[in-house]
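Readers should treat all values here as calculations from the given coordinates under stated rules, not as data from a laboratory. Everything numeric in this text was worked out from a predicted model, so none of it was measured. Neighbour counts run over all protein chains shown; Cβ positions are idealised from the backbone, glycine included.
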């Protein structure tokens, strides 16, 4: 997956079947595989994906139920664990983009993110 920047760019290209971009953060890892928690920009769908950041190449295949954007318009998540995810994810993404890419490269789709609905959905899923 080409290290953490590869994980971020790959996961930022994910789109659900109904056209929702995924907002994400890293929950942790298990046996060198990173675990990411994802929530759709409308806050109604959540998922967890397992990613091998040490894989030599970034996959051109999308997980089942997703497609990949051909062109990335900015990041929608972070490779860091965000304790109160999804609260205040926008400021976290600004910090991540500057740290990893040297500039603010946050996708405009994050502006549409329904943080309240996302928090409810994730609370139900985490129980």
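Each label point was placed 7 Å from the Cα along the Cα-to-Cβ direction; for residue 88 and residue 44 their separation is 2.9 nm.
Given an 8 Å cut-off on Cα distances and at least 6 residues of separation, report the relative contact order of segment 1-49 as a percent. If you can, show how the numbers build up before the last one.
On the way: 62 pairs, mean separation 11.6, N = 49.
That works out to 24 percent.
When you restrict to C-alpha pairs under 8 Å that are six or more residues apart and normalise by the size of segment 3-126, the relative contact order lands at 31 percent. Here the spin labels are modelled as points 7 Å beyond Cα on the Cα-Cβ line, and at residue 81 and residue 104 they lie 2.9 nm apart. Computed packing ranks the peptides 30-43, 103-116 as 30-43, 103-116, most packed first, by mean other Cβ atoms within 10 Å. Label positions at residue 124 and residue 29, each projected 7 Å from the Cα along the C-beta direction, are separated by 3.3 nm. Computed over the Cα atoms of the chain, the ratio of the radius of gyration to the Kirkwood radius (Rg/Rh) comes to 0.92.
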